[in-house]
1. So, in region A:90-119, exactly how many residues are surrounded by 16 or more Cβ atoms within 10 Å (Cβ to Cβ), part of a loop (DSSP other than H, G, I, E, B) and among the hydroxyl-bearing types (Ser, Thr, Tyr)?
2. Select from region A:123-164 the residues that are in contact with a strand residue (DSSP E or B) (Cβ under 9 Å, 6 or more places away or on another chain) and away from RNA strand B (no atom under 16 Å from the Cβ) and list them in ascending order.
3. I'd like the residue in region A:446-483 that is within 12 Å of RNA strand B (Cβ to nearest atom) and charged (D, E, K, R) and, out of all such residues, is farthest from A:Leu420 (Cα to Cα).
4. Could you please give the count of residues in region A:205-252 that are without any contact (Cβ under 8 Å) to a residue 24 or more places away in the chain and either more than 14 Å from RNA strand B (Cβ to nearest atom) or touching a strand residue (DSSP E or B) at 6+ places or on another chain (Cβ under 7 Å) (or both)?
5. Does region A:126-146 hold any residues that are among the polar types (S, T, N, Q) and either farther than 18 Å from A:Leu210 by Cβ or surrounded by 15 or more Cβ atoms within 10 Å (Cβ to Cβ) (or both), and which are they?
6. Within region A:258-275, does at least one residue satisfy the condition of being crowded, with 21+ Cβ neighbours inside 10 Å, closer than 16 Å to A:Ala29 by Cβ, at pLDDT 95 or above and not basic (Lys, Arg)?
7. For A:Ser459, state whether it is farther than 24 Å from A:Ile401 by Cβ, free of Cβ contacts under 8 Å to residues at least 40 places away in the same chain, polar (S, T, N, Q) and outside the structural domain of A:Tyr383 (by TED's automatic domain parsing).
8. All but one of (1) in contact (Cβ under 8 Å) with a residue 24 or more places away in the chain; (2) assigned to a loop (DSSP other than H, G, I, E, B); (3) of a type in the set (A, V, I, L, M, F, W, C) hold for A:Ile122; which doesn't?
Amino acid sequence: MQEVFPLSDLPFRVRFAPSPTGFLHIGGARTAIYDWLLARSTGGQFILRIEDTDRTRFVAESLQDIMDSLKWLGLDWDEGPGARGTDEKAGYGSDPTAHGPYGPYFQSERLDLYHKYARQLIADGHAYYCFCSSERLNAVRTAQEAAKQPPGYDRHCRTLSPEEVQSRFDAGEKAVVRFKMPLKGTTEVYDELRGKLSFENRTLDDHILLKSDGFPTYHLAVVVDDHLMKITHAVRGEEWIASFPRHVLLYQALGWELPKFVHLPIFLAPSGGGKLSKRHGATGLKEYRDKGYLPEALFNFLLLLGWHPSDEQELFTAEEALKVFTVDRINKSPVAFSTDKLDWFNGVYIRKMDPRELSKRCLPFLQESGLLPDPCPPERFEYLVKIIPLVQERLKWLTEISELVDFFLNEDIAVPKKELLVQKKSTPEETHVILQRSRAALAELSEFSHDAMEQALRSLAETMGIKAGQVFMPLRVAITGRTATPGIFETMDALGKERVLKRLDQAITVLN
RNA sequence: GGCCCCAUCGUCUAGAGGCCUAGGACAUCGCCCUCUCACGGCGAAGACAGGGAUUCGAAUUCCCUUGGGGCUACCA
C-alpha cells in the first residue's frame with residue numbers, strides 16, 4: 001500500500017494552489033509546508049499558483065495575505081507571484097514570464113488555455129455544450145431529491161446535435177461545457193497514501209468544465225495547469241478524493257500522463273467532530289501570529305500533524321525536517337486540530353531562543369501596549385535584552401510579554417494594595433516591620449548585587465525568626481505589584497537600587 | 001439518501017504476524033526542586049471500536065457491523 005518513491009521520481013515539482021478567497025487557512029499552511037519540504041528535499045521546485053477562477057468569491061487582499069503568511073512561516077517558492085529570483089513586485093496583468101517559465105500563474109490569466117482544451121475535448125467527443133438554465137437545473141435537483149434519487153445533472157444536453165448547438169449559439173444563448181462521463185465501467189485511481197481506489201462511472205455525473213462566464217471550474221483548470229506546469233506530484237487535501245476520478249478521466253481524455261497524487265488528511269474540529277471551521281477558533285494563519293505564536297513553533301506543530309518521523313524526535317527546525325521528510329511517512333487518517341501541543345511547542349521555542357532575537361520578536365507587542373516607544377531607542381532595547389532572560393521560561397505567548405515585564409519597563413508601578421502586600425498568615429504590622437527592615441538592609445548595601453542582597457535578606461529573616469519566604473513575598477509585591485515574578489534578587493538587580501528603594505518606600509506608606 | 005475515505009490512550013502518534021504485560025509526546029493528576037510563578041526531574045492514570053475468518057500465533061491480513069469524516073454547486 002504505502003510506496004516508497006524510487007529515486008527516478010526525483011526531483012519533485014509541486015505546487016501550492018490556494019484560492020484567493022480569504023486568508024491563508026491553517027490547513028492550507030500545512031499543505032504548503034509539505035509541498036515545500038518535498039520540493040526542497042528532492043532538489044525540485046515549489047510553485048505558487050493562484051486558483052482565482054471563482055470571480056464571485058475573489059478577495060483582492062487575499063493574495064498578499066497568502067504570500068505574507070507563507071513567508072512568515074519561512075517558506076519560499078521558485079515560480080509564481082512573489083517567487084524568489086523573479087520580479088517579486090509583479091502581480092496581476094504582468095508579463096506571463098514574470099513569475100517563471102510556465103506562467104501566467106494566475107488561472108484567471110490562462111483562460112485561452114482552458115478554452116483550447118475544452119474545444120479539443122468537445123471535438124474528441126469527451127465533452128459537450130450544455131444550455132440548461134440554473135432554474136432547470138434546480139428543478140431537476142429538487143425532483144431528484146423528492147424522488148430520493150441521487151442528485152446530478154440529467155444529461156439533458158448530452159445528445160444535442162451540432163446543428164442545434166450552433167443555432168442556439170446563433171440565437172445568443174450561453175452555454176457551459178460539460179464532461180461526457182462514461183456511462184459504465186470503473187475508474188481506478190491511485191493515491192500514494194491509500195493505494196488503489198475505485199469508482200463506478202455511473203455514479204459520476206457530467207460535471208461542468210467551463211462555466212458560462214468563460215472561466216473554468218477547478219476540475220478543468222487543475223488538470224490543464226498541473227500538466228502544462230509539469231507538476232510531478234499533486235498534493236492536496238483529502239476533500240478532493242471524491243472528484244479524483246473526474247480528474248483521472250480528464251487526463252485520459254486529454255491523452256496526458258498522470259502525475260502522482262497525495263491526498264493529505266483533513267483537519268477536524270478539536271473534538272474530532274466535523275471539519276475545522278472558524279467556530280473552533282483561529283483558522284487563519286495570521287491569527288496565530290497575532291496571538292503570539294512563533295513561526296518556528298507553528299511549523300513544527302503543523303509538520304507533525306499528519307506526518308511522523310521514523311524515530312521519536314519531536315523537535316524539528318525546517319532544516320532538520322528537510323533531511324527526513326518523506327511521503328511514505330504521511331498519515332492518512334483525519335486529524336483533530338487541537339492546539340494544546342502547539343502551546344507547548346511555542347514555549348519550547350521561546351526558551352531556546354537567543355535573548356536578543358526574542359527581544360526583537362517581543363518588541364512589536366511591547367510597542368503595541370505602549371511599554372516601549374516606536375522607534376525604540378537603543379538603550380531601551382538593550383535593557384529589554386537584559387531582562388528578557390528573566391521572563392523567558394515564563395513566556396508562553398509573545399502576547400504575554402507586556403504583563404511580564406511592565407514593572408521593569410515602567411519607571412513607577414501602581415501602589416500595591418494592602419491586601420496584596422500582607423500575606424495570608426501575617427498582619428499589616430508584621431509586614432510593615434519586614435518591609436522597613438528589608439529597606440534598611442538593602443539601603444546600606446555598598447554593592448547592590450544578587451548575592452549581597454540574598455545574604456542580607458536571609459540573615460534578616462533569621463534575625464527576625466521567620467522564614468525567608470515571609471520576607472521575600474511582601475518584598476516581591478512591593479517592588480513589582482505582583483505575586484508571580486522572576487526571582488526576587490534577579491528582579492531587584494535588574495530594577496536597580498534606586499527604583500527598588502523608591503517602591504519600597506511607597507509600599508510602606510500603604511501600611512502606615 | 002448515494003458515492004468515497006478513515007478507525008491504537010482525551011489529542012498527535014509508534015507499531016508493517018511473534019520484539020506488545022502496546023512505546024513516545026501534549027494535556028491531566030501526584031511527588032520533588034523552590035523566595036512566588038514558571039522551568040526542570042520523577043511517577044500515576046489513560047488506547048488496539050465490536051464480531052467473525054486466516055494462522056501455532058493478530059493492534060498488525062481478510063470480511064461484516066458500528067462509529068467518524070469527506071463529497072454530492074456554473075465554490076475551490
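1. Count: 3.
2. Correct list: A:His126, A:Thr159.
3. Ranking the qualifying residues of region A:446-483, first place goes to A:Asp451.
4. The first filter runs over region A:205-252 and keeps only residues without any contact (Cβ under 8 Å) to a residue 24 or more places away in the chain, leaving A:240, A:242, A:252.
From what's left, either more than 14 Å from RNA strand B (Cβ to nearest atom) or touching a strand residue (DSSP E or B) at 6+ places or on another chain (Cβ under 7 Å) (or both): A:240, A:252.
Residues meeting the conditions: 2.
5. Keep residues of region A:126-146 that are among the polar types (S, T, N, Q), which gives A:133-134, A:138, A:142, A:144.
A:Asn138, A:Thr142, A:Gln144 - these are the residues of region A:126-146 that are among the polar types (S, T, N, Q) and either farther than 18 Å from A:Leu210 by Cβ or surrounded by 15 or more Cβ atoms within 10 Å (Cβ to Cβ) (or both).
6. Yes - at least one qualifying residue is present in region A:258-275.
7. Answer is yes for this residue.
8. Unmet condition: (2).
The values are calculated or read from the model by the stated rules, or taken from the named source; none is laboratory data. It should be emphasised that the depicted structure is a prediction, and the values quoted were computed from it without experimental measurement. Here the Cβ is made from the backbone with ideal geometry for all residues, glycine too, and neighbour counts use every protein chain on show.
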